[in-house]
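Below is one structure, written out as structure tokens; the observations come after it.
The values are calculated or read from the model by the stated rules, or taken from the named source; none is laboratory data. Just so it is clear, the model here is predicted, and its values are computed rather than measured. Please note: Cβ atoms are built from the backbone with ideal geometry, for glycine as well, and neighbour counts cover all protein chains shown.
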Amino acid sequence: MAYHGQVKVGGSPDVRELAHVIITKVAVGPMDNNAYVLRCRATDEQFLIDAANDAHTLRSVIGEGGLASVLTTHQHGDHWQALGAVVAATGARTLAGREDAPGIPVPTDVLLDDGDTVRVGRVELTARHLVGHTPGSIALVYDDPQGHPHVFTGDCLFPGGVGNTHNDPEAFRSLLSDVETKIFDPLPDETWVYPGHGNDTTLGAERPHLAQWRERGW
């Protein structure tokens, strides 16, 4: 079946099989967070994006293959509720943005800066530091050599707009600027966006609305 990215808490994960990596998306409660497990086809190494909640569900998606690493996209509590339990069960190393790591109660093993390379087996992703939703939010870009790019945006980009900047005009301008210059400008319309909550989108679907987002201020 074709991947659609529409998942719900208590429902089945959705799986996308690319040439070099398999992406599994699952939703966990109580705030309908998305978590993503990436598995390198060549090595079977696995990588988790956001141990948001419900360690049992996350461990069932991880399965018996083990977990090498887990990225927390940002410091907000709904994105790390299961982090301690997942790390204790798997021994996975932890990654987070340098500026947000102090706000995550599980120690961070690898501090990420903009442009850093994150490896999942033989697969490489690029960390993009996006400032505004939090000081140290990290998106991950996978530029599929046999297809279009894929970007995991945490709470920085959703269908219909950027993430919540809590009515702070400066934070909004910062986040929109970073999303434009680091995500929209270098990546094509075909780029698939995997957000921290809700359904997926593409840059092509969102690009025509950037000016509208700027004008409305959120």
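Mind telling me which of the residues Val179, Val131 ends up being farther than 14 Å from Leu18 by Cβ and in contact with a helix residue (DSSP H, G or I) (Cβ under 8 Å, 6 or more places away or on another chain)?
The unique qualifying residue is Val131.
Looking at Ile62, is it under 19 Å from His148 (Cα atoms) and touching a residue at least 24 places away in the same chain (Cβ under 8 Å)?
No, not satisfied.
Do the conditions hold for Val9, that is, is it of a type in the set (Val, Ile, Thr), surrounded by fewer than 22 Cβ atoms within 10 Å (Cβ to Cβ) and in a helix (DSSP H, G or I)?
no
So which of Arg128, Arg122 ends up being buried (at least 21 other Cβ atoms within 10 Å of the Cβ), modelled with pLDDT of 95 or more and among the basic types (Lys, Arg)?
Exactly one of Arg128, Arg122 is buried (at least 21 other Cβ atoms within 10 Å of the Cβ), modelled with pLDDT of 95 or more and among the basic types (Lys, Arg), namely Arg128.
Just wondering, is there one or more residues in segment 132-143 that are more than 15 Å from the chain's Cα centre (by Cα), buried (at least 20 other Cβ atoms within 10 Å of the Cβ) and more than 25 Å from Val86 (Cα to Cα)?
yes
Sort out which residues of segment 40-56 are surrounded by fewer than 24 Cβ atoms within 10 Å (Cβ to Cβ), in contact with a helix residue (DSSP H, G or I) (Cβ under 7 Å, 6 or more places away or on another chain) and either touching a residue at least 40 places away in the same chain (Cβ under 8 Å) or part of a strand (DSSP E or B) (or both), and write them in order of number.
Asp44
Any residue in segment 87-98 that is in a strand (DSSP E or B), of a type in the set (D, E, K, R), modelled with pLDDT of 95 or more and touching an Asp or Glu at 6+ places or on another chain (Cβ under 8 Å)?
Yes; the residues of segment 87-98 include at least one that is in a strand (DSSP E or B), of a type in the set (D, E, K, R), modelled with pLDDT of 95 or more and touching an Asp or Glu at 6+ places or on another chain (Cβ under 8 Å).
Is it the case that Arg59 is at pLDDT 95 or above and in a strand (DSSP E or B)?
No: the conditions fail for Arg59.
Restricting to segment 76-98, and then to whatever is in contact with a strand residue (DSSP E or B) (Cβ under 8 Å, 6 or more places away or on another chain) and farther than 17 Å from Tyr36 by Cα, can you tell me which residue is surrounded by the fewest Cβ atoms within 10 Å (Cβ to Cβ)?
The selected residue is Arg98.
For Asp100, are the conditions met, namely being farther than 24 Å from Ala205 by Cβ, free of Cβ contacts under 8 Å to residues at least 24 places away in the same chain and of a type in the set (Asp, Glu)?
no
For segment 22-39, name all the residues that are surrounded by 15 or more Cβ atoms within 10 Å (Cβ to Cβ) and either among the charged types (D, E, K, R) or farther than 18 Å from Asp200 by Cα (or both).
Answer for segment 22-39, where residues must be surrounded by 15 or more Cβ atoms within 10 Å (Cβ to Cβ) and either among the charged types (D, E, K, R) or farther than 18 Å from Asp200 by Cα (or both): Lys25, Asp32, Arg39.
Can you name the condition, by its number, that Arg214 falls short on among (1) surrounded by fewer than 16 Cβ atoms within 10 Å (Cβ to Cβ); (2) out of contact with any helix residue (DSSP H, G or I) (no Cβ under 8 Å at 6 or more places or on another chain)?
Just one mismatch for Arg214, condition (2).
Would a scan of segment 68-80 turn up a residue that is of a type in the set (A, V, I, L, M), touching a residue at least 24 places away in the same chain (Cβ under 8 Å) and farther than 20 Å from Pro195 by Cα?
yes
Can you tell me which residue within segment 152-198, out of those that are closer than 25 Å to Val9 by Cβ and touching a Leu at 6+ places or on another chain (Cβ under 7 Å), is surrounded by the most Cβ atoms within 10 Å (Cβ to Cβ)?
Filtering first and then ranking leaves Cys156.
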